[in-house]
Structures are given as C-alpha cells and as structure tokens.
Amino acid sequence: MFSLDKKILNFLVIISFTFITFWWTFFIFHQSFDIYIVISVIIIRMIASRFIYNDYSLSWSKASQKSFLIKSVVNIVAFLIYLPIFYGKIRFSFMMSELFIYLFTINFTMYVYYYFINKSRVRKTKSVVIYGAGKAGIKLESEFHHSEYRVKFFIDDDKIIQNRSIDAIKVISKDKLKQSIGTSKLDLLVIAMPSVQKDTTKDIYNDLSEYFNEIKILPSIDEILDSKDFSTQLKDISVEDLLARHPKDLDKKTIKKFLENKTILVTGAGGSIGSEICRQCEKFGAKKLILLDHSEYNLYTIEQELKDIQSVCVMQSVVNLNTLDATFKTHKPEIVIHAAAYKHVPLVEANIHEGILNNIKGTKNVIDVSIKHGVQKFVMISTDKAVRPTNVMGTTKRICELYAQNSNGNGIDIVAVRFGNVLGSSGSVIPKFKSQIEKRQNITVTHKDITRYFMLIPEACELVLQAGAIGSGGEIFILDMGKPIKIVDLAQKMIDLSGLSDIHIEFTGLRPGEKLYEELLIDDSDCKTDYESITVAKPTPYEINKLNRDIEELIKCEDKLAKLKDIVPEFNHQTNI
C-alpha cells in the first residue's frame, strides 16, 4: 500500500506541476489558458512516466544524479510525442519554454525534498579532510553528511581542480592544508584513492600524519565493495600499507598465459605463500588445482576459499616418496609450484634432522617425481637466507637451489625464485608485534641494527609466477625487494600507528643462526631479465650424482652441521652472536 501511495503521489505531482507551468507559460506569452492542451500533455507525461525507466516509482528520498537525468529523459520523450500533435496550434517557443520550466520545477523540487529528508540531524563535532577529489572522495563526502564528521577540505594533487570547490567544500593542495592548520591538529584524514599505488599512500602518511589524530584509507580497488557504503569500509592505515611496494613491471598477460587452462600442483598449499599462489592460479584462469599439504586445517581453509576453480585436496607430506608418486600419477600436473618448507630459523635450529628431511629430502622428492611424470615446469620457492647462510634453514634451502639448478635438462624446466620476508606471513615479525601491542606488552627486537627485506605476499607471489613463466630452466631468479628495513624502525612505526604511548622496544639479542642483515646475491654476477623486478643469479655447477650421494649421507650421518658445511662451503653457522 505504501508503494502504491508513492506512485499515485508521483502522478499527482505531474498533474499539479503541469497545470502550474502551463498557467505560467500562458501568462508570459499573453495567451488564454487551453485546458484541452494541458490535459493531453498530462496524460502523455503520465504514460511516459509509467513506461520509461519506471519513473513513476522513483524514490525521491534516494535520488541521485541519475534520477535527475531520468526525469529529464522521460519528459523530453513525452515532449517529442505531443509536439507533433500541437504543432501549428501553438508556437514552438511556447512548448519549449513550458518544458524547461517544468523540468526545472520538478527536478528542483525533487532535489529540495532529497536534501531535507536526508539532512543530518547529527551534531558535527569532528573535522575530516578527504584526500582525493575523485568519485570515491565525492561519495564519501555525501556519506559523511549523516555522521558526526564535517568535511573541512578536499585535498587533490591535480592542480587543475585545486582552489575549486565540491558542494561548497574547497579543494586544496597538501601545502595549502599545512598552512591552514598551522600547529593545530584535525581529527581525521581519509585517503580516498582506492586505485593508487602503495608508495603514494606511504608518501601521504609521512607528509601529513603529524597534522591529524587519525588516518584511515579505503581498501584497494580489488577489495572495495560497491554494494556497501564506502564510509563503512574505511580501515586504519597499517604498517603493510606503509611498507608495501608495487612492482612497476608486473606482466599479468605473461602470468595468465603461463597458468591459463593448466593443471597445477602446489605443495605447502595451505601456507602463507602457498595459499596466495593458489589464489593467483584461480585469478589467472588455471583449469585445476592440486592442493598438497600435511596440515589438515590449512588444506581445509584454502579449499573453502577457492570457489571458481576445480580443486583437489591431498593431505600428505612431501617426504613420503611413494604417496607423492601416486598423487602425480593420478592427477598428472602440468606445472608444479613447490612452496612446502620449514622456514622458521630458530625452530629448524632446534630440529635439525626434521628441517633437513622436510626441506632437502622433500624438495628432492618433488623434483624427482616431477621429472618422472613429465611435468612441463617446476618452480621452487627459495629465500634470501640461502645466500651465505648462517643457519641450518638457509643452508637447507641453498642445497635445494643446488639440486633444482643441477637437475634441470631432463625434459622439464626447473627454476627457483629467491626473495626475502613477506609482510604478514606466519612466523614473521609483524603478526608478533601486533600481538604484543594488542596485549599492551613491550615489543621485543633482537638487535637495534638488524635489517630485513620485505614485500607483500600477493606481490611476491605474482612475481614468483612471472619468474616461473619466463624461466627456461636452470635459473635462480631473484626478486627486487627494494631497500632493507630496520626492524627497530618497523617496531616504532607500529607503536606510532597504535597510538599507545606506554609501549616501548626491548632488545633481546640475536638468536642462534640469525644474521644482522640478509643478502639476495652470493656475488654480483647476476644477469638482467626483461623485467627490472627480476634478475638471475649466476649458476653454481654441482655434479648431480655427487649431490645425490651427499644428500643421502647428510640424512644418515651424525654430524649434520659438518656435512652441511661440506656441501655448502659458505655456510658459516652462527650459534650465539
């Protein structure tokens, strides 16, 4: 009944406004009022409103720019219908004048109704500045009408729109904002640029954080939901947003060509890297995914997440050669991406045999089975800790690199990809620091000078797949990780973002096997690829039969550290620094 009343009200508006605008037009043109013409126009306008864009049921309280356009289109169509009927009986200028008066009256009335119905009754107690005067920023400004925030300025880097205004709100530059604020602080800065590069977000934060009590950002264009208000999707700026680097030469066409319509097996499919590799395979159109992991929970989690691709969960360890062989025989993968590994340095130091078995024996098994079953390409995930290793984990990964590099040429292209830490991965410092901050504990850092390379998980995985796509076999690809970051600076940044002044940094001392800094190259003899973000390390020959014997001996021998040193002479075990 409520809906019916609204439709009837729309027709009543047409009747009354048409009478008013025709009366005024007749008066202006000094002509006598013709009721026949007026009634005919009303009927035609009502029919047009009923059948064009469902205009008769349009909700004025939810009006938008499109609503005003629809009103105009509906009435112009009606005009084109009744114009030939009355042409010659009444002047064309008369009909045009009445139409424009009618369009102005009905659209203006609809806007006034929308404004007063939606006018916020909330008292404006806080100030907000929106960085970005594009579609997202304008949408946010309209949503803030119903909140306690009053939009004070738009900021935009486009000089063309600076010093103009949007809904009476001035658009200014960053420098102008600093002059306007002076030494005071505003409540909130919203970075409303969902498609902008992470580097830009970082620059804005570094430049303006001291002028605001709080900074929030919209999610990226891939994450934002158009169906929800943007203001409800704002999130606190995170350390990941400030440290993230977006590779400028990411070649999505090459990745898509590499993965599309392929059957892909991912080991360690439930881990931080493996699960993101699976997501990217789904995104780039792989035909089928074989998810292999020894963790039941991790497998279940990633399997539940993948909705648009056929996937098979295989719960097994890469250490078991027989079950691995059966999996390859059953599913016949075309591409294998080997992400399964023990990566936590202190834990592998405390469990040397298991680290060697899982990392080295497991990798050897996956490579051998891939060769046996004629896989097209094998991509192994490596680490910067494999370069001049000081710990067991890094040394095991270096041996894996050697085995991958020197097993190539058996009808399968085998490549390894080496990179540093990924932001937010399991076991990394960022989740640990977040947990300590949530518990209001001091942050523990091993050494004031320790540094690490960092990259976002999705970006690292995209570059891994890009490297896999361009590899012809035998390469160790190295991802450009940018400049190393001091962990103490990272910890301080997270404390600053938390807004808690009672949290401090404590230094606990380097752990066994831990370096002050990591490297990505053993020497400087790397080769360039077509992409600046990816280089190739110099190959290290190692006779494969000897390496096989050395690995078997390593697994069986008592003095594993000595044998690791024998295979990797640059291994300099640091037990206590």
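The values are calculated or read from the model by the stated rules, or taken from the named source; none is laboratory data. Because the structure is a prediction, the values reported are computed rather than measured. Positions of Cβ are backbone-derived with ideal geometry, glycine not excepted, and every protein chain shown enters the neighbour counts.
So, of the residues in the stretch 62-102 that are part of a helix (DSSP H, G or I), of a type in the set (Ser, Thr, Tyr) and under 47 Å from the mean Cα position of the chain (by Cα), which turns out to be modelled with the lowest pLDDT?
Among those that are part of a helix (DSSP H, G or I), of a type in the set (Ser, Thr, Tyr) and under 47 Å from the mean Cα position of the chain (by Cα), it is SER67.
If I ask for residues that are part of a loop (DSSP other than H, G, I, E, B) and either touching a residue at least 12 places away in the same chain (Cβ under 8 Å) or acidic (Asp, Glu) (or both), which ones from the stretch 500-509 would you list?
Correct list: LEU500, ASP502, ILE503, HIS504, THR508, GLY509.
Out of LYS248, LYS198, LYS202, LYS152, which single residue is basic (Lys, Arg) and farther than 30 Å from ASP530 by Cα?
Result of the check over LYS248, LYS198, LYS202, LYS152: LYS152.
Could you tell me whether any residue of the stretch 180-193 is out of contact with any strand residue (DSSP E or B) (no Cβ under 6 Å at 6 or more places or on another chain), closer than 19 Å to ILE138 by Cβ and not in a strand (DSSP E or B)?
Yes, the stretch 180-193 has at least one match.
Of the residues that make up the stretch 506-529, is at least one surrounded by fewer than 17 Cβ atoms within 10 Å (Cβ to Cβ), in contact with a helix residue (DSSP H, G or I) (Cβ under 9 Å, 6 or more places away or on another chain), modelled with pLDDT of 85 or more and farther than 30 Å from GLY468 by Cβ?
Yes - at least one qualifying residue is present in the stretch 506-529.
Among the residues of the stretch 394-414, is any basic (Lys, Arg) and either free of Cβ contacts under 8 Å to residues at least 24 places away in the same chain or on the phi > 0 side of the Ramachandran plot (or both)?
no
Does SER317 fit the bill of being surrounded by 21 or more Cβ atoms within 10 Å (Cβ to Cβ), polar (S, T, N, Q) and either closer than 24 Å to ASP413 by Cα or at pLDDT 95 or above (or both)?
For SER317, the condition - surrounded by 21 or more Cβ atoms within 10 Å (Cβ to Cβ), polar (S, T, N, Q) and either closer than 24 Å to ASP413 by Cα or at pLDDT 95 or above (or both) - is not met.
Quick test for you: out of PRO346, PRO389, pick the one residue that is surrounded by fewer than 20 Cβ atoms within 10 Å (Cβ to Cβ) and modelled with pLDDT under 95.
Only one candidate passes the filter, namely PRO346.
Got a sec? Which of LEU299, LEU321, LEU292 is over 26 Å from the mean Cα position of the chain (by Cα) and in the same structural domain as GLY274 (by TED's automatic domain parsing)?
LEU321
In this structure, does THR395 turn out to be at pLDDT 95 or above and over 30 Å from the mean Cα position of the chain (by Cα)?
yes
From the list GLN233, GLN280, pick out the single residue that is out of contact with any Asp or Glu (no Cβ under 7 Å at 6 or more places or on another chain) and either assigned by TED's automatic domain parsing to the domain that holds LEU140 or not aromatic (Phe, Trp, Tyr) (or both).
Going through GLN233, GLN280 in turn, just one is out of contact with any Asp or Glu (no Cβ under 7 Å at 6 or more places or on another chain) and either assigned by TED's automatic domain parsing to the domain that holds LEU140 or not aromatic (Phe, Trp, Tyr) (or both): GLN233.
Within the stretch 47-56, which residues are touching a residue at least 40 places away in the same chain (Cβ under 8 Å) and under 39 Å from the mean Cα position of the chain (by Cα)?
Once the filter is applied, which keeps residues that are touching a residue at least 40 places away in the same chain (Cβ under 8 Å) and under 39 Å from the mean Cα position of the chain (by Cα), the stretch 47-56 yields only ASP55.
Being under 22 Å from SER382 (Cβ atoms) and either touching a strand residue (DSSP E or B) at 6+ places or on another chain (Cβ under 9 Å) or modelled with pLDDT of 95 or more (or both) narrows it down to one of LEU306, LEU250, LEU299, LEU259, so name that one.
Of the residues listed, the single one that is under 22 Å from SER382 (Cβ atoms) and either touching a strand residue (DSSP E or B) at 6+ places or on another chain (Cβ under 9 Å) or modelled with pLDDT of 95 or more (or both) is LEU259.
Within the stretch 419-476, how many residues are touching a Phe, Trp or Tyr at 6+ places or on another chain (Cβ under 8 Å) and assigned to a helix (DSSP H, G or I)?
Qualifying residue count, the stretch 419-476: 9.
Report yes if some residue within the stretch 438-447 is surrounded by fewer than 20 Cβ atoms within 10 Å (Cβ to Cβ) and in the same structural domain as ILE534 (by TED's automatic domain parsing); otherwise report no.
Within the stretch 438-447, none of the residues are surrounded by fewer than 20 Cβ atoms within 10 Å (Cβ to Cβ) and in the same structural domain as ILE534 (by TED's automatic domain parsing).
What tally of residues in the stretch 146-179 results from selecting those that are touching a strand residue (DSSP E or B) at 6+ places or on another chain (Cβ under 7 Å), in a helix (DSSP H, G or I) and surrounded by fewer than 19 Cβ atoms within 10 Å (Cβ to Cβ)?
Residues flagged as touching a strand residue (DSSP E or B) at 6+ places or on another chain (Cβ under 7 Å), in a helix (DSSP H, G or I) and surrounded by fewer than 19 Cβ atoms within 10 Å (Cβ to Cβ) within the stretch 146-179 amount to 1.
In the stretch 294-366, which helices (runs of 4 or more DSSP H) lie fully inside it and hold 3 or more residues that are within 30 Å of ASP550 (Cα to Cα)?
Because the criterion is at least 3 residues that are within 30 Å of ASP550 (Cα to Cα), the helices (runs of 4 or more DSSP H) in the stretch 294-366 that meet it are 321-331, 345-350, 352-356.
In this structure, does ARG398 turn out to be of a type in the set (Lys, Arg) and surrounded by fewer than 24 Cβ atoms within 10 Å (Cβ to Cβ)?
no
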